[in-house]
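Data block below; observations after.
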Amino acid sequence: MKKFLRKIIFYSVICLLLLEAISFTSLYFLKNASFYKPSYLLNNYKPNDEIDYIILGSSRGLTTLNTNSIDKNLNTKGINLSMDDTDLKTHLLMFKHFVNNGYKTKHCILTLDKQNFKQTSKTLGNNDYRFIPFSNSYYVKEHYKSYETNRLKLLYNSFWNPILALSYFNLELLPPSIISLLKPKFRNRFDTTGNYTYPNSKKISIHKKINTLNKTITNPLINELNNICIEHNIKLHIYIAPYYKKNINLYKSNYSIINHSNITKNHLYFYDNIHVNKNGREFVTEAFTKEFKKQLY
Amino acid sequence: MLFNSIEFLIFFPLVFIIYWFVLKNKTKQQNLLIVIASYIFYGWWDWRFLFLIFFSTVVDFIIGIQLNKTDKKTLRLQLLWTSIIINIGLLGFFKYYNFFVDSFVEAFSFMNITFSTYTLNIILPVGISFYTFQTLSYNLDIYKNKLKPTHDFIAFAAFVSFFPQLVAGPIERATHLLPQFYKQRKFNYQQAISGVQLMIWGFFKKIVIADNTSIIVDGIFNNYESQSSISLAIGAVLFAFQIYCDFSGYSDIAIGLARLFNFDLMTNFRFPYLSKDISEFWKRWHISLSTWFKDYVYIPLGGSKVSKTIALRNIFIVFVISGFWHGANWTYIIWGVIHALLYIPVFLSKGKPNNNSKIKNILKTLFTFLIVTIAWVFFRAKNIHEAINYTSLLFNNNNKNIYFLNTKKHLIITLISVVAILLLLTTEIYYNKKGKSEILLNKKMLFLIILITVFLGAFKNHNSFIYFQF
């Protein structure tokens, strides 16, 4: 029995050390590459770089505004820090990641989706694992602690014990870490300034009826984001990206709001009901640039 | 409680420590611990299940003793039938009541006769198909004078509820397992090491192969009407490995766990996809069930020692019941019928010389795998209509959609599954050639398997074991 237990413990320890070594190495490669946005920011921009504005949001923020066009017209420098399949709590986390790493900007454009006007889900976002390489940072730890519901707290404990997180999110972390090792500059579906665009294909019904919603923006996370903006001398702008045949009327708010929810009903500008396509992006960016110019000067 | 759960990670070491350190050399107390641990393990699903297994245990324990007390043939037969009716009755009620009601109604609806019926919201107790057959075999063996009944209720309860094999087998015979509860257990180093080796291999099959393939299989079967023939073929093949790795993985873990407590369980799978014909397949697949049906249904019906017609009838009955055992759905019965039809030609050609070349053997193996895989489509499909449609679209289809190419994630999962399956087959072919019936890897391979399991296992998309539903 003693021989058996000694052997099991010995080989378990060896195994654990090997697995931890691989896990730490994978996260190291991810942290020092550009595969996911959190790492992309730190490895492509320096804190003293002049960044005039950042865009936060989900896939709607990622695909609606083209920072390259905005910068060309306004002679500015902007970064799109939006991430697909995320909600307001992850946008806030990204913003904290930005400011806590010493980056500065003058304007924060928050692309707010209608499901986040009042509240945000209390569970971890689908893509929150992308911040694992920075899980030793207090703001990331705090986020995982607040939203992680699994019993093992895989992400919260991932700094000292990355095996569990890497095992659980193996597809999302291991292949990207291998790609990060081989091609550190490779970006996961976004261009050099963080944008992405959908193709000009038809996925929508042109017979859809126009839907009008009257909403107020009362989500407390926006207050939190705004407070951080004030602290860092950043102006917050809430941007409502276009919806196909959906008109969102917003009640008066203290925030600076650019409401393009109903800027166009042209089905040729939409990839689906909630995302514009390449042509749509050009159209909307042009309209946004005109409005944003007033905010800049 | 699942083997791959946090609860089991805490439960098992506790039981192991108490068993070997606190209750060392105390057989009766160890048996009591097994009963308590097994009831906790089983009750974790639903505490109400415990009444059922306790009832089944008490009934068969008493009947076993009574069977031995009398020599009167009629009384013995009555007692045996009581045991059969109670065990099969329990199984029939919990598993098949709604099926019979629905089938009855559907049959009469063809003649435009409608009934108002009452189907019950019955929860199927996990493992009921396994432990009822196990306790039934106990009394059948006593009746046939193959076994003396036990007067040790705790040992018997431990035999019935032994947690490693309680919910998905192997279905143990009392002649094999029960005596192990009487003798003093001594920790056996080699046995324990082989147990750990088996468990690691079992977890690899379950977490890497079965759970990863299930993602693709579910996607293909749920959208089969829009899939191309290639996609449907891949779906069928992947399901063949999903069900094999899920079930044999569980068996390996169960057998491995039992060895850690100095128990020896029977081999349940012996590389079935290396079979050269259906007859060999059924000697290698779910061995505990197929031998159960052979000993308690096929042979009592006359087996093959009767006229050819009766023998064929017996084969048919066994396969249909075997299919039906798996679940309350016509698809399982049809699956059984298909296997009966595939088995019959092999049965009829028995005795003929079999001197095949290597290439012929390979072709026979591939052909056997092919026909078994097509039969699995019926096993997996939700209903007969879906099974027939799937099979016909497999051979005649203009769709171009290939499910695993739809997203990068699915492509990666499919690649992981394919590589893992190739690793499985290579290992099995190697061990089969050496005449071994189980895979006990060396240290280097075990490290590799652990690495693969930890980093390529489908932990996020894990499923419970398929055979739990039976």
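The values are calculated or read from the model by the stated rules, or taken from the named source; none is laboratory data. A quick note: this is a predicted structure, and the numbers were derived from the prediction, not measured. Cβ atoms come from the backbone with ideal geometry, glycine included; neighbour counts cover every protein chain shown. Only protein heavy atoms, including side chains, enter the accessible area calculation; ligands, DNA and RNA are left aside. Shrake-Rupley method; radii C 1.70, N 1.55, O 1.52, S 1.80 Å.
Rolled with a 1.4 Å probe across the full set of protein chains, the surface gives A:D87 an accessible area near 30 Å². Close amide H pairs (under 5 Å, H built 1.01 Å from N) link A:K215 with A:N249, A:L250, A:Y251, residues at least 5 positions away or on another chain. For the pair segment B:1-44 and segment A:106-161, the centres of their Cα atoms are 38 angstrom apart. For segment A:1-20 versus segment B:122-157, the spacing of their alpha-carbon centroids is 39 Å.
Counting DSSP beta bridges with both partners in chain A, what percentage is antiparallel, nearest 5? Could the numbers behind the result be given before it?
Numbers: 1 of 24 bridges.
Beta bridges within chain A, antiparallel portion: roughly 5 percent.
Of all DSSP beta bridges confined to the protein assembly as shown, the antiparallel ones make up roughly 5%.
Using a probe of 1.4 angstrom and keeping all protein chains present, the accessible surface of segment A:98-231 works out to 53 square angstrom per residue. Only DSSP H runs of four or more residues enter the estimate; each adds -39500 (n - 2.57), and after division by the residues of chain A the mean residue ellipticity at 222 nm equals -13500 deg cm²/dmol. Taking amide H as placed 1.01 Å from N in the peptide plane, A:N277 has its amide H under 5 Å from the amide H of A:F270, A:Y271, each at least 5 places away in sequence or on another chain.
Mean per-residue shielding of peptide B:450-460 is 5, counting Cβ atoms of other chains within 10 Å of each Cβ.
Electrostatic tally near A:D49: other residues with Cβ closer than 10 Å to its Cβ, Lys and Arg +1, Asp and Glu -1, net +2. The distance separating the Cα centre of segment A:45-60 from that of segment A:227-292 comes to 17 Å. Sequence-distant contacts, meaning Cα pairs under 8 Å at least 6 residues apart, place the relative contact order of chain B at 19 percent. With springs only between Cα atoms under 10 Å apart, run a GNM on chain A and tell me which of A:T218, A:T111, A:T285 wobbles the most. Answer for the Gaussian network model of chain A: A:T218. A Cα-only calculation for chain A places Rg and Dmax at 21.2, 79 Å. The mean number of partner chain beta-carbon atoms within 10 angstrom of a residue's beta-carbon across peptide A:162-170 is 3.
The heavy atoms of B:W330 offer some 130 square angstrom of accessible surface to a 1.4 angstrom probe. Measuring nothing but how far apart in sequence close Cα pairs (under 8 Å, 6+ apart) lie, relative to its length, chain A scores a relative contact order of 24 percent.
Ellipticity at 222 nm from helices only: DSSP H runs of n ≥ 4 in chain B, each -39500 (n - 2.57), divided by the residue count, give -21000 deg cm²/dmol. The relative contact order of segment B:360-470, computed from alpha carbon pairs under 8 Å that lie at least 6 residues apart in sequence, is 10 percent.
Using a cut-off of 14 Å between beta-carbons, work out the net charge of the residues near A:I14 (Lys and Arg +1, Asp and Glu -1, A:I14 not included). Each step should come with its number before you reach the end.
Details: positive: A:R6, A:K7, B:K443, B:K444; negative: A:E20.
Counting the neighbours of A:I14, the net charge comes to +3.
Among the protein heavy atoms of segment A:160-297, carbon and sulfur supply 53% of the accessible surface, probe 1.4 Å, non-protein parts ignored. When A:Y255, A:Y103 are compared by accessible area at a 1.4 angstrom probe, the order from most to least is A:Y255, A:Y103. Placing B:V237, B:V22, B:V126 in order of accessible area, with the largest value first and a 1.4 Å probe, yields B:V22, B:V237, B:V126. Of the complete DSSP H runs in chain A, those spanning 15 angstrom or more by Cα along the long axis with a mean Kyte-Doolittle score not below 0.5 are A:2-31, A:170-182. Rounded to the nearest 10 Å², what accessible area does B:I17 show when all protein chains are kept and the probe is 1.4 Å? Only protein atoms counted, so the area is about 90 Å².
Tally Lys and Arg at +1 and Asp and Glu at -1 over the other residues with C-beta under 11 Å from the C-beta of B:L124: what net charge comes out? It would help to have the intermediate numbers written out before the result.
Values: positive: B:K95; negative: B:D46.
With Lys, Arg at +1 and Asp, Glu at -1, the neighbours total 0.
If you run the Gaussian network model on chain A, springs between alpha carbon atoms under 10 Å, then out of A:I217, A:I274, A:I204 the most flexible one is A:I204.
When the residues A:K46, B:K294 are ordered by accessible surface, computed with a 1.4 Å probe over the protein chains alone, the sequence from largest down reads A:K46, B:K294.
Just check segment B:171-305 against the gyration tensor rule for me: Cα atoms, a ≥ b ≥ c as the square roots of the eigenvalues, rounded for a/c under 1.5, and otherwise prolate or oblate depending on whether a/b exceeds b/c. In terms of gyration-tensor shape, oblate.
Using all pairs of distinct alpha-carbon atoms, the Kirkwood hydrodynamic radius of segment B:390-429 works out to 12.2 angstrom. Between A:Y239 and A:L110, A:T111, A:L112, A:I258, the built amide H atoms are under 5 Å apart, and every one of these is 5 or more places off in sequence or on another chain.
For chains B and A, what's the summed buried accessible area, probe 1.4 Å, to the nearest 100 square angstrom? Could you put the intermediate results ahead of the total?
Values: alone 22040 and 15450 Å², together 35170 Å².
Rounded to the nearest hundred, the buried surface is 2300 Å².
The loop-placed chymotrypsin sites (Phe, Trp or Tyr not before Pro) in segment A:151-182, going by DSSP, that have at most 13 neighbouring Cβ atoms within 10 Å of their Cβ come out as A:W160. Where in segment A:3-19 does accessible area fall by at least 40 Å² between the isolated chain and the complete protein assembly, at a 1.4 Å probe radius? SASA drop of 40 Å² or more in segment A:3-19: A:F4, A:K7, A:Y11, A:C15, A:L19.
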